[in-house]
1. Assuming residue 252 fulfils every condition listed in (1) loosely packed, with under 12 Cβ neighbours inside 10 Å; (2) in the same structural domain as residue 44 (by TED's automatic domain parsing); (3) in a loop (DSSP other than H, G, I, E, B) apart from one, which condition is it?
2. Would a scan of region 231-244 turn up a residue that is in a helix (DSSP H, G or I), within 27 Å of residue 133 (Cα to Cα) and not acidic (Asp, Glu)?
3. Report the residue count in region 139-179 for those that are within 22 Å of residue 266 (Cα to Cα) and not aromatic (Phe, Trp, Tyr).
4. Kindly establish whether residue 274 is of a type in the set (D, E, K, R) and at pLDDT 95 or above.
5. Could you run through region 254-281 and say how many residues are under 11 Å from residue 40 (Cα atoms) and among the acidic types (Asp, Glu)?
6. Could you check, for region 23-42, whether at least one of its residues is assigned to a helix (DSSP H, G or I) and farther than 18 Å from residue 217 by Cβ?
7. List, please: which pairs have Cβ atoms under 7 Å, are six or more places apart or on different chains, and start with a residue in region 196-210 that is assigned by TED's automatic domain parsing to the domain that holds residue 228 and in contact (Cβ under 8 Å) with a residue 60 or more places away in the chain and end with one that is among the β-branched types (Val, Ile, Thr) and not in a helix (DSSP H, G or I)?
Amino acid sequence: MKKAKWVFIAALSLVFVASSVSAAPPIQIKWGDALPKSFSYWPAMVAYKNEVEQKTQKRVEFQLFGDGVLGDQKTLIESATMGAIQMFSTTTSAIQNIAPEFQVFALPFIWPSPDVLSRFLVGDEGVYLLNLLEKRGLKVISWSYQGYVGIQNSRREVRTPEDLKGLKIRVQQNPLMVDTMNAMGAMGVAMGSGELYSALQQNVINGISTTPQLLYSMKIHEVAKFYTPMMMHSSAGMLLANLKFWDGLPPDIQKVFMDCSNTWRKANADYCLDDTKETSDRNILNLYRKAGVKVTEPDIEVFKQRTIPVVRKHREKINPEFVDKVLKRIGYKMD
(Lines give C-alpha, C1' and ligand atoms only; values in the text may rest on other atoms or scores of the structure.)
Protein backbone atom coordinates (compact mmCIF):
# COMPACT_ATOMS: atom_id res chain seq x y z
CA MET A 1 0.00 0.00 0.00
CA LYS A 2 2.86 2.34 0.94
CA LYS A 3 4.58 1.60 -2.37
CA ALA A 4 1.40 2.37 -4.30
CA LYS A 5 1.11 5.64 -2.39
CA TRP A 6 4.62 6.73 -3.43
CA VAL A 7 3.98 5.70 -7.05
CA PHE A 8 0.83 7.85 -6.98
CA ILE A 9 2.75 10.82 -5.53
CA ALA A 10 5.53 10.43 -8.12
CA ALA A 11 3.02 10.28 -10.95
CA LEU A 12 1.24 13.33 -9.57
CA SER A 13 4.56 15.19 -9.44
CA LEU A 14 5.27 14.35 -13.07
CA VAL A 15 1.87 15.62 -14.07
CA PHE A 16 2.50 18.83 -12.14
CA VAL A 17 5.91 19.32 -13.77
CA ALA A 18 4.51 18.56 -17.22
CA SER A 19 1.63 20.95 -16.74
CA SER A 20 4.04 23.64 -15.52
CA VAL A 21 6.19 23.20 -18.62
CA SER A 22 3.22 23.23 -20.96
CA ALA A 23 1.88 26.29 -19.19
CA ALA A 24 5.08 28.26 -19.77
CA PRO A 25 4.37 31.11 -22.18
CA PRO A 26 5.98 30.81 -25.63
CA ILE A 27 9.08 32.84 -26.41
CA GLN A 28 7.90 35.88 -28.36
CA ILE A 29 10.01 36.87 -31.36
CA LYS A 30 9.48 40.11 -33.22
CA TRP A 31 10.89 39.78 -36.77
CA GLY A 32 11.10 42.74 -39.13
CA ASP A 33 11.61 43.14 -42.88
CA ALA A 34 11.94 46.43 -44.74
CA LEU A 35 11.11 45.17 -48.23
CA PRO A 36 7.76 44.56 -50.00
CA LYS A 37 5.97 41.32 -49.17
CA SER A 38 6.13 40.47 -52.87
CA PHE A 39 9.91 40.07 -52.53
CA SER A 40 11.49 36.76 -51.48
CA TYR A 41 12.07 37.60 -47.82
CA TRP A 42 8.40 37.52 -46.82
CA PRO A 43 7.49 34.02 -48.13
CA ALA A 44 10.83 32.76 -46.77
CA MET A 45 9.97 34.24 -43.37
CA VAL A 46 6.54 32.60 -43.37
CA ALA A 47 8.02 29.20 -44.31
CA TYR A 48 10.69 29.47 -41.62
CA LYS A 49 8.18 30.61 -38.99
CA ASN A 50 5.85 27.69 -39.68
CA GLU A 51 8.61 25.11 -39.58
CA VAL A 52 10.26 26.39 -36.39
CA GLU A 53 6.95 26.76 -34.54
CA GLN A 54 5.93 23.25 -35.54
CA LYS A 55 9.27 21.68 -34.56
CA THR A 56 9.36 23.48 -31.20
CA GLN A 57 5.73 22.58 -30.52
CA LYS A 58 4.87 26.29 -30.28
CA ARG A 59 7.48 26.98 -27.60
CA VAL A 60 8.38 29.97 -29.77
CA GLU A 61 5.96 32.33 -31.44
CA PHE A 62 6.92 34.68 -34.26
CA GLN A 63 5.38 38.05 -34.99
CA LEU A 64 6.24 38.96 -38.60
CA PHE A 65 6.38 42.58 -39.75
CA GLY A 66 6.92 43.21 -43.47
CA ASP A 67 6.63 46.12 -45.86
CA GLY A 68 8.96 48.26 -43.73
CA VAL A 69 6.38 48.87 -40.99
CA LEU A 70 9.17 48.70 -38.40
CA GLY A 71 11.46 50.94 -40.45
CA ASP A 72 13.97 50.70 -43.27
CA GLN A 73 16.95 48.33 -43.27
CA LYS A 74 19.17 50.76 -41.36
CA THR A 75 16.50 51.15 -38.69
CA LEU A 76 16.04 47.38 -38.40
CA ILE A 77 19.77 46.88 -37.87
CA GLU A 78 19.79 49.49 -35.13
CA SER A 79 16.63 48.07 -33.51
CA ALA A 80 18.02 44.53 -33.48
CA THR A 81 21.41 45.65 -32.17
CA MET A 82 19.69 47.45 -29.27
CA GLY A 83 17.33 44.50 -28.65
CA ALA A 84 14.11 46.33 -29.55
CA ILE A 85 13.40 43.48 -32.01
CA GLN A 86 14.78 39.95 -31.88
CA MET A 87 15.25 39.12 -35.59
CA PHE A 88 15.34 40.77 -38.99
CA SER A 89 15.98 40.06 -42.65
CA THR A 90 18.35 42.24 -44.65
CA THR A 91 21.12 42.20 -47.24
CA THR A 92 24.89 42.40 -47.09
CA SER A 93 24.51 45.80 -48.78
CA ALA A 94 22.85 47.18 -45.64
CA ILE A 95 25.12 45.40 -43.16
CA GLN A 96 28.25 46.99 -44.64
CA ASN A 97 27.37 50.18 -42.77
CA ILE A 98 28.33 48.52 -39.47
CA ALA A 99 31.01 46.14 -40.77
CA PRO A 100 33.06 47.65 -43.66
CA GLU A 101 34.38 44.26 -44.76
CA PHE A 102 30.91 43.43 -46.08
CA GLN A 103 31.56 45.97 -48.82
CA VAL A 104 33.41 43.24 -50.74
CA PHE A 105 29.99 42.19 -52.04
CA ALA A 106 29.61 45.65 -53.60
CA LEU A 107 33.00 45.71 -55.33
CA PRO A 108 32.09 46.06 -59.02
CA PHE A 109 32.22 43.12 -61.42
CA ILE A 110 34.18 40.75 -59.17
CA TRP A 111 31.50 38.03 -58.81
CA PRO A 112 31.40 35.93 -62.01
CA SER A 113 28.52 33.59 -61.07
CA PRO A 114 26.04 32.63 -58.32
CA ASP A 115 28.05 29.45 -57.66
CA VAL A 116 31.19 31.45 -56.89
CA LEU A 117 29.29 33.66 -54.47
CA SER A 118 27.56 30.71 -52.78
CA ARG A 119 30.88 28.90 -52.23
CA PHE A 120 32.39 32.09 -50.84
CA LEU A 121 29.62 32.43 -48.24
CA VAL A 122 30.49 29.09 -46.62
CA GLY A 123 34.28 29.42 -47.01
CA ASP A 124 36.89 30.83 -44.64
CA GLU A 125 36.24 34.44 -45.64
CA GLY A 126 32.51 33.98 -45.17
CA VAL A 127 33.06 32.60 -41.65
CA TYR A 128 35.32 35.58 -40.93
CA LEU A 129 32.45 37.93 -41.82
CA LEU A 130 30.06 36.05 -39.53
CA ASN A 131 32.45 36.48 -36.62
CA LEU A 132 32.68 40.21 -37.29
CA LEU A 133 28.94 40.55 -36.80
CA GLU A 134 28.98 38.64 -33.54
CA LYS A 135 31.44 41.23 -32.24
CA ARG A 136 28.78 43.82 -33.10
CA GLY A 137 26.01 42.03 -31.24
CA LEU A 138 24.35 40.16 -34.13
CA LYS A 139 24.01 36.45 -34.82
CA VAL A 140 23.74 35.25 -38.44
CA ILE A 141 21.26 32.37 -38.61
CA SER A 142 21.31 32.00 -42.40
CA TRP A 143 22.30 33.72 -45.60
CA SER A 144 21.55 33.17 -49.23
CA TYR A 145 22.27 34.21 -52.79
CA GLN A 146 20.08 37.23 -53.55
CA GLY A 147 20.78 38.12 -57.17
CA TYR A 148 22.87 40.51 -59.23
CA VAL A 149 22.43 44.25 -59.53
CA GLY A 150 21.32 45.84 -62.79
CA ILE A 151 20.10 49.28 -63.86
CA GLN A 152 16.54 50.23 -64.74
CA ASN A 153 15.99 53.71 -66.18
CA SER A 154 13.24 55.82 -67.70
CA ARG A 155 15.27 57.51 -70.47
CA ARG A 156 17.09 55.19 -72.89
CA GLU A 157 18.83 51.90 -73.64
CA VAL A 158 22.22 51.47 -71.97
CA ARG A 159 24.96 49.52 -73.70
CA THR A 160 28.11 51.57 -73.08
CA PRO A 161 29.30 54.15 -70.50
CA GLU A 162 28.39 56.92 -72.97
CA ASP A 163 24.73 55.86 -72.72
CA LEU A 164 24.79 56.59 -68.97
CA LYS A 165 25.99 60.16 -69.32
CA GLY A 166 23.59 62.66 -67.77
CA LEU A 167 21.50 60.00 -66.02
CA LYS A 168 20.89 60.25 -62.27
CA ILE A 169 20.88 56.65 -61.04
CA ARG A 170 19.85 55.77 -57.51
CA VAL A 171 22.28 53.52 -55.64
CA GLN A 172 22.28 52.33 -52.06
CA GLN A 173 23.63 54.65 -49.40
CA ASN A 174 27.22 53.57 -49.85
CA PRO A 175 30.14 55.66 -51.19
CA LEU A 176 31.51 52.60 -53.00
CA MET A 177 28.34 52.26 -55.05
CA VAL A 178 28.26 55.99 -55.75
CA ASP A 179 31.87 55.83 -56.96
CA THR A 180 31.05 52.81 -59.13
CA MET A 181 28.11 54.52 -60.81
CA ASN A 182 30.12 57.69 -61.40
CA ALA A 183 33.02 55.68 -62.91
CA MET A 184 30.56 53.98 -65.25
CA GLY A 185 29.43 57.32 -66.64
CA ALA A 186 26.27 58.19 -64.70
CA MET A 187 25.65 60.32 -61.63
CA GLY A 188 25.25 58.10 -58.58
CA VAL A 189 22.52 59.30 -56.19
CA ALA A 190 22.53 57.64 -52.76
CA MET A 191 18.98 56.96 -51.55
CA GLY A 192 17.14 54.50 -49.33
CA SER A 193 14.63 52.03 -50.75
CA GLY A 194 11.49 53.97 -49.84
CA GLU A 195 9.63 56.19 -52.33
CA LEU A 196 11.72 55.17 -55.33
CA TYR A 197 8.64 54.82 -57.54
CA SER A 198 7.58 58.42 -56.93
CA ALA A 199 11.19 59.66 -57.22
CA LEU A 200 11.23 58.29 -60.77
CA GLN A 201 7.83 59.76 -61.57
CA GLN A 202 8.96 63.19 -60.40
CA ASN A 203 12.35 62.98 -62.20
CA VAL A 204 14.27 63.27 -58.95
CA ILE A 205 16.18 60.31 -60.38
CA ASN A 206 16.24 58.75 -63.85
CA GLY A 207 16.91 55.19 -62.81
CA ILE A 208 17.57 52.67 -60.04
CA SER A 209 20.37 50.21 -59.48
CA THR A 210 19.37 47.04 -57.62
CA THR A 211 18.35 43.43 -58.33
CA PRO A 212 15.70 42.85 -61.03
CA GLN A 213 13.56 40.86 -58.59
CA LEU A 214 13.33 43.79 -56.20
CA LEU A 215 12.73 46.24 -59.03
CA TYR A 216 9.88 44.09 -60.31
CA SER A 217 8.36 43.65 -56.86
CA MET A 218 8.31 47.46 -56.48
CA LYS A 219 6.63 47.76 -59.93
CA ILE A 220 9.39 50.02 -61.23
CA HIS A 221 8.70 48.67 -64.74
CA GLU A 222 5.55 50.81 -64.79
CA VAL A 223 7.58 54.04 -64.83
CA ALA A 224 10.97 52.95 -66.22
CA LYS A 225 10.97 51.05 -69.52
CA PHE A 226 14.69 50.29 -69.98
CA TYR A 227 16.55 47.56 -68.10
CA THR A 228 20.22 46.62 -68.34
CA PRO A 229 21.46 43.46 -66.55
CA MET A 230 24.81 44.94 -65.53
CA MET A 231 25.74 42.29 -62.92
CA MET A 232 28.08 44.87 -61.40
CA HIS A 233 27.39 44.03 -57.74
CA SER A 234 26.09 40.96 -56.01
CA SER A 235 24.33 40.62 -52.72
CA ALA A 236 23.52 37.99 -50.15
CA GLY A 237 20.32 37.89 -48.15
CA MET A 238 20.79 37.56 -44.40
CA LEU A 239 18.68 36.34 -41.49
CA LEU A 240 20.02 37.77 -38.24
CA ALA A 241 19.15 37.86 -34.54
CA ASN A 242 20.14 39.98 -31.58
CA LEU A 243 23.09 38.08 -30.08
CA LYS A 244 22.03 38.52 -26.46
CA PHE A 245 18.57 37.18 -27.30
CA TRP A 246 20.17 34.28 -29.18
CA ASP A 247 22.49 33.38 -26.31
CA GLY A 248 19.48 33.34 -23.97
CA LEU A 249 17.59 30.73 -26.00
CA PRO A 250 17.60 27.12 -24.76
CA PRO A 251 20.19 25.05 -26.70
CA ASP A 252 17.53 22.75 -28.16
CA ILE A 253 15.65 25.74 -29.60
CA GLN A 254 18.87 27.20 -31.00
CA LYS A 255 19.41 23.85 -32.74
CA VAL A 256 15.93 23.97 -34.29
CA PHE A 257 16.58 27.50 -35.53
CA MET A 258 19.82 26.42 -37.21
CA ASP A 259 18.36 23.16 -38.54
CA CYS A 260 15.58 25.15 -40.22
CA SER A 261 17.92 27.79 -41.63
CA ASN A 262 18.11 25.92 -44.92
CA THR A 263 14.36 26.54 -45.38
CA TRP A 264 14.95 30.30 -45.33
CA ARG A 265 18.08 30.02 -47.50
CA LYS A 266 16.47 27.82 -50.15
CA ALA A 267 13.30 29.92 -50.40
CA ASN A 268 15.41 33.00 -51.12
CA ALA A 269 17.85 31.33 -53.52
CA ASP A 270 15.05 29.62 -55.45
CA TYR A 271 13.32 32.98 -55.87
CA CYS A 272 16.26 34.05 -58.05
CA LEU A 273 17.62 30.78 -59.46
CA ASP A 274 14.76 28.29 -59.87
CA ASP A 275 13.47 28.63 -63.44
CA THR A 276 10.16 27.01 -62.47
CA LYS A 277 9.46 30.29 -60.64
CA GLU A 278 8.59 33.39 -62.62
CA THR A 279 10.94 35.44 -60.44
CA SER A 280 14.14 33.63 -61.49
CA ASP A 281 16.92 35.68 -63.07
CA ARG A 282 15.96 34.30 -66.47
CA ASN A 283 12.19 34.56 -66.15
CA ILE A 284 12.14 38.03 -64.68
CA LEU A 285 13.58 39.34 -67.94
CA ASN A 286 10.68 37.71 -69.81
CA LEU A 287 8.26 39.42 -67.42
CA TYR A 288 9.96 42.72 -68.20
CA ARG A 289 9.59 42.19 -71.92
CA LYS A 290 5.90 41.32 -71.53
CA ALA A 291 5.50 44.56 -69.55
CA GLY A 292 6.99 46.56 -72.41
CA VAL A 293 10.45 46.98 -70.90
CA LYS A 294 13.36 47.03 -73.35
CA VAL A 295 16.07 44.69 -72.03
CA THR A 296 19.49 45.68 -73.33
CA GLU A 297 22.67 43.62 -73.09
CA PRO A 298 25.63 45.86 -72.18
CA ASP A 299 29.33 45.59 -73.02
CA ILE A 300 30.29 44.28 -69.59
CA GLU A 301 34.05 44.29 -70.20
CA VAL A 302 34.07 48.01 -70.99
CA PHE A 303 32.22 48.80 -67.76
CA LYS A 304 34.48 46.44 -65.80
CA GLN A 305 37.61 48.21 -67.02
CA ARG A 306 36.10 51.56 -66.07
CA THR A 307 35.58 50.40 -62.49
CA ILE A 308 38.98 48.80 -61.75
CA PRO A 309 40.17 52.10 -60.14
CA VAL A 310 37.13 51.88 -57.84
CA VAL A 311 38.17 48.38 -56.72
CA ARG A 312 41.71 49.65 -56.03
CA LYS A 313 40.48 52.68 -54.09
CA HIS A 314 38.03 50.80 -51.89
CA ARG A 315 40.39 47.87 -51.35
CA GLU A 316 42.42 50.28 -49.25
CA LYS A 317 39.37 51.60 -47.39
CA ILE A 318 37.77 48.25 -46.59
CA ASN A 319 40.61 46.02 -45.40
CA PRO A 320 43.42 45.41 -47.96
CA GLU A 321 44.50 42.05 -46.57
CA PHE A 322 40.96 40.70 -46.44
CA VAL A 323 40.02 42.05 -49.87
CA ASP A 324 43.14 40.49 -51.39
CA LYS A 325 42.14 37.10 -49.98
CA VAL A 326 38.66 37.48 -51.44
CA LEU A 327 39.91 38.55 -54.87
CA LYS A 328 42.37 35.66 -54.93
CA ARG A 329 39.67 33.23 -53.88
CA ILE A 330 37.35 34.24 -56.70
CA GLY A 331 40.04 34.83 -59.34
CA TYR A 332 39.57 38.55 -59.94
CA LYS A 333 42.61 40.38 -61.31
CA MET A 334 43.14 44.13 -61.49
CA ASP A 335 46.04 43.93 -63.99
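The values are calculated or read from the model by the stated rules, or taken from the named source; none is laboratory data. Since this is a predicted model, take the numbers as computed values, not measurements. Neighbour counts run over all protein chains shown; Cβ positions are idealised from the backbone, glycine included.
1. That leaves (3) as the condition not met.
2. Taking every residue of region 231-244 in turn, at least one turns out to be in a helix (DSSP H, G or I), within 27 Å of residue 133 (Cα to Cα) and not acidic (Asp, Glu).
3. The first filter runs over region 139-179 and keeps only residues within 22 Å of residue 266 (Cα to Cα), leaving 139-149.
Cutting the leftovers down to not aromatic (Phe, Trp, Tyr) gives us 139-142, 144, 146-147, 149.
Number of matching residues: 8.
4. Working: of a type in the set (D, E, K, R): yes; at pLDDT 95 or above: no.
So residue 274 fails the test.
5. 1
6. Scanning region 23-42 turns up at least one residue that is assigned to a helix (DSSP H, G or I) and farther than 18 Å from residue 217 by Cβ.
7. What qualifies is 209/149; 209/151; 209/169; 209/171; 210/149.
Condition check ((1) among the β-branched types (Val, Ile, Thr); (2) surrounded by 18 or more Cβ atoms within 10 Å (Cβ to Cβ)) across all residues:
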position	(1), (2)
79	no, yes
100	no, no
106	no, yes
109	no, yes
115	no, no
119	no, no
123	no, no
128	no, no
141	yes, yes
